[in-house]
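Worksheet: the structure to be examined is printed underneath.
The values are calculated or read from the model by the stated rules, or taken from the named source; none is laboratory data. Because the structure is a prediction, the values reported are computed rather than measured. Cβ atoms come from the backbone with ideal geometry, glycine included; neighbour counts cover every protein chain shown. We work out accessible area using only protein heavy atoms, side chains counted, and drop any ligands, DNA or RNA first. Shrake-Rupley method; radii C 1.70, N 1.55, O 1.52, S 1.80 Å.
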Amino acid sequence: MKSLKELHDLDKPREKLAARGPAALKNEELLAVLLGSGIRGKDVRRLAREIAAVMDRSFQDLDLKHLTSIHGLGPAKASQILAAIELSRRYLIRTHRRIASAADVYDELRSYADRRQEYFLALTLDGASHLIETRIVFIGTLNQSLVHPREVFADAIADRAAGIIVAHNHPSGTLEPSRADEAITRRLKEVGELVGIELLDHVILTRDGYWSFAEEGRL
C-alpha cells in the first residue's frame with residue numbers, strides 16, 4: 001500500500017510521468033509538465049486546464065494569438081507549446097511515405113487502377129513530399145463541372161498541405177488524357193496558384209501502368 005506522500009507525489013504531473021510514462025497523463029497534465037509553473041493567483045493545473053479548453057475548441061487554427069489570449073500565458077510559454085505541437089506533428093508525418101514521383105503515386109493507388117468506375121483522388125503532401133492523406137474526391141465519369149476545385153482544395157487547406165497530387169483511373173485502359181482531363185488539370189493548377197498549394201501532378205492510372213502530366217511536361 002502506498003504512503004500518503006507517495007500518493008501525493010503521483011498526483012503531480014512530473015512525478016506521475018516519471019512513474020507511469022507520458023501515456024498515463026491527461027492532456028492538462030501534459031500541458032502542466034510543459035508549463036512548469038503557474039502565476040500568482042492561478043496555479044499550473046488551472047492554467048493548463050484553460051489551455052486545454054482552448055485547444056479543444058480551436059486546435060486546427062491554434063496560434064500564438066489564441067494562446068496568449070489566456071490570462072497568465074505569455075509569448076514564451078505559448079511558443080513552447082506551439083513548438084512542441086509542431087515537432088510532434090513533423091515526427092508523426094515521418095511515419096507516412098514520401099511521394100517523389102508518379103511511380104510512387106501509382107504504387108500508392110494501384111488498387112484503383114483496374115476499377116470499373118472512374119475514381120478521382122487527391123493526395124496531400126507536406127513541404128518535404130511526405131504523404132499527409134489520400135482521399136476520394138469523386139466517383140463517376142469525369143468532367144470539368146463535376147470535379148470542383150473547392151472539393152479538391154478544401155481538405156488540402158485543412159491539412160496545411162504544401163502541395164497536392166490528383167489522380168484518376170481510366171477503366172478503358174487508355175493512358176492518353178482526354179480533353180476533360182486536360183481542362184480539369186488546367187483549372188486545378190490555376191486554383192492551386194491562387195490558394196498557395198501547388199498542383200504537383202495529375203496521374204492517370206490503368207492496370208498496365210500510368211501517365212503523368214508532370215513527367216510529360218504538360219503541367
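Of all the residues that make up the range 128-155, how many are out of contact with any strand residue (DSSP E or B) (no Cβ under 6 Å at 6 or more places or on another chain) and among the hydroxyl-bearing types (Ser, Thr, Tyr)?
2
Would you check if there is a residue in the range 144-162 being hydroxyl-bearing (Ser, Thr, Tyr), assigned to a loop (DSSP other than H, G, I, E, B) and farther than 30 Å from residue 36 by Cβ?
Yes, there is a match, as at least one residue in the range 144-162 is hydroxyl-bearing (Ser, Thr, Tyr), assigned to a loop (DSSP other than H, G, I, E, B) and farther than 30 Å from residue 36 by Cβ.
So which residues in the range 160-175 are under 16 Å from residue 214 (Cβ atoms) and out of contact with any strand residue (DSSP E or B) (no Cβ under 6 Å at 6 or more places or on another chain), if there are any at all?
162
Do we have residue 165 as in contact with an Asp or Glu (Cβ under 6 Å, 6 or more places away or on another chain) and either assigned to a helix (DSSP H, G or I) or at pLDDT 95 or above (or both) here?
Spelling it out, residue 165 is indeed in contact with an Asp or Glu (Cβ under 6 Å, 6 or more places away or on another chain) and either assigned to a helix (DSSP H, G or I) or at pLDDT 95 or above (or both).
Considering 191, 166, 152, 203, which residue is open to solvent by less than 60 Å² (accessible area, probe 1.4 Å) and farther than 21 Å from residue 130 by Cα?
191
Which one is modelled with the lowest pLDDT, of the residues in the range 128-149 that are open to solvent by 50 Å² or more (accessible area, probe 1.4 Å) and touching an Asp or Glu at 6+ places or on another chain (Cβ under 9 Å)?
Of everything passing the filter in the range 128-149, 141 is modelled with the lowest pLDDT.
What about residue 70, is it of a type in the set (Val, Ile, Thr), under 26 Å from residue 41 (Cβ atoms), assigned to a helix (DSSP H, G or I) and out of contact with any His (no Cβ under 7 Å at 6 or more places or on another chain)?
Answer is no for this residue.
Can you find a residue in the range 47-69 that is farther than 24 Å from residue 133 by Cβ, open to solvent by less than 90 Å² (accessible area, probe 1.4 Å), more than 21 Å from the chain's Cα centre (by Cα) and modelled with pLDDT under 90?
Scanning the range 47-69 turns up no residue that is farther than 24 Å from residue 133 by Cβ, open to solvent by less than 90 Å² (accessible area, probe 1.4 Å), more than 21 Å from the chain's Cα centre (by Cα) and modelled with pLDDT under 90.
Can you tell me which residue within the range 86-112, out of those that are surrounded by 13 or more Cβ atoms within 10 Å (Cβ to Cβ) and in contact with a helix residue (DSSP H, G or I) (Cβ under 9 Å, 6 or more places away or on another chain), is modelled with the highest pLDDT?
Ranking the candidates gives 99 first.
Within the set of pairs 6+ apart or on separate chains, which have a first residue in the range 189-211 that is over 13 Å from residue 109 (Cα atoms), a second that is in a helix (DSSP H, G or I) and among the basic types (Lys, Arg), and C-beta atoms under 9 Å apart?
Here the result reads 191/150; 198/189; 199/189, each pair linking the range 189-211 to a residue that is in a helix (DSSP H, G or I) and among the basic types (Lys, Arg).
Quick one: in the range 113-127, of everything that is in contact with a strand residue (DSSP E or B) (Cβ under 7 Å, 6 or more places away or on another chain) and either in a loop (DSSP other than H, G, I, E, B) or open to solvent by 40 Å² or more (accessible area, probe 1.4 Å) (or both), which residue is modelled with the highest pLDDT?
113
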